[in-house]
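Below: the structure, in structure tokens.
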Amino acid sequence: MQLALAILAFGGLASAQGAQGAGKTTRYWDCCKPSCAWPGKSTASTPVLTCDRNDNPLNDRGSTRSGCDSGGSAFMCSNQSPWAVNETVAYGWAAVNIAGSNEASWCCSCYELTFTSGPVSGKKMIVQATNTGGDLGNNHFDIAMPGGGVGIFNACTQQYGAPPNGWGERYGGVGSKSACESFPDKLKAGCNWRFDWFMGADNPDVRFRQVACPAAITAKSQCVRQRDVIDQTPTGPSTVPTWTP
């Protein structure tokens, strides 16, 4: 009985701490309406904000069809691109798959990623889960970054006139910072981030843990979860400037 109680107590502690463990990353930017932008995907009162093809916020509470669907006109907003907070910390968004969990648990949750391989080893990034990738493995974070490759779907051609397979390779995207110069102005900073702060890292491994979202992230996504396994009240200022060397 004592052993059973101890196991239950440990299990409760693990839940109270939120999801954590070792994971992997990839990158993408397909311009599609993120999965968590549909209503009813999480405990949040509003879904992830989307934009029209001119990058204007829709404020439709998730009702507009995705630009990746025939006749759709909702796209990922350009301001949901990653940015550097300081030399070792960045904020952003990602498509997520957490082992043993589901979309209702991770949509609009935030995770602190500590990179454990590649040139960014030791740096940290807090990402909000705004999407779900059907091709993602367990504990997988597909970080949203312009020029990261469109992957399975591509609405960037419809929204920005990108090449049929997006910019660069369909999987992996562009290969140098110089390629970012040809991007739409609103996506250039996010593309440059990959080669500046992210140092051109190619799918580094991570340790991750669930955390409360920074208010600077939720101010852009407009998606705030209610308290569940952790207190998810956004923390810090609602505006955090981009750090530059």
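The values are calculated or read from the model by the stated rules, or taken from the named source; none is laboratory data. Just so you know, these numbers come straight off a predicted model, no measurement behind them. Ideal geometry is used to build each Cβ from the backbone, glycine not excepted, and the neighbour counts take in all protein chains shown. To get the accessible areas, we keep the full protein, side chains included, count just its heavy atoms, and leave off ligands, DNA and RNA. Shrake-Rupley method; radii C 1.70, N 1.55, O 1.52, S 1.80 Å.
Things to note:
- Computed from the C-alpha gyration tensor, the three semi-axes of the ellipsoid equivalent to the stretch 115-245 are 26, 17, 17 Å, from longest to shortest.
- Accessible area in square angstrom per residue, the chain, 1.4 angstrom probe: 45
- Lysines whose Cα lies under 20 Å from that of K24, excluding same-chain neighbours fewer than 8 positions away: K123, K124
- Global form of the stretch 200-239, assessed from the alpha-carbon gyration tensor, a/c cut-off 1.5: oblate
- Computed from Cα atoms, the angle from the helix 185-195 axis to the main principal axis of the chain rounds to 60 degrees.
- Label sites at A22 and D202, each approximated as a point 7 angstrom past Cα along Cα to Cβ, lie 2.1 nm apart.
- Ratio of the Cα radius of gyration of the stretch 165-218 to 2.2 N^0.38 Å, where N counts its residues: 1.38
- Shape call, the stretch 59-184: gyration tensor on alpha carbons, a/c limit 1.5: oblate
- Extension gain for N102-K177 works out to 23.5 nm (0.36 nm per residue, less the C-alpha to C-alpha distance).
- Euclidean distance of C-alpha centroids, the stretch 146-161 and the stretch 90-108, integer Å: 21
- GNM top mover of G172, G92, G134 - the chain, alpha-carbon springs below 10 Å: G134
- Accessible-area value, Y171, 1.4 Å probe, nucleic acids and ligands omitted, Å²: 150
- The stretch 47-101, Rg to Rh (Cα coordinates; Rh as Kirkwood inverse mean 1/r): 1.08
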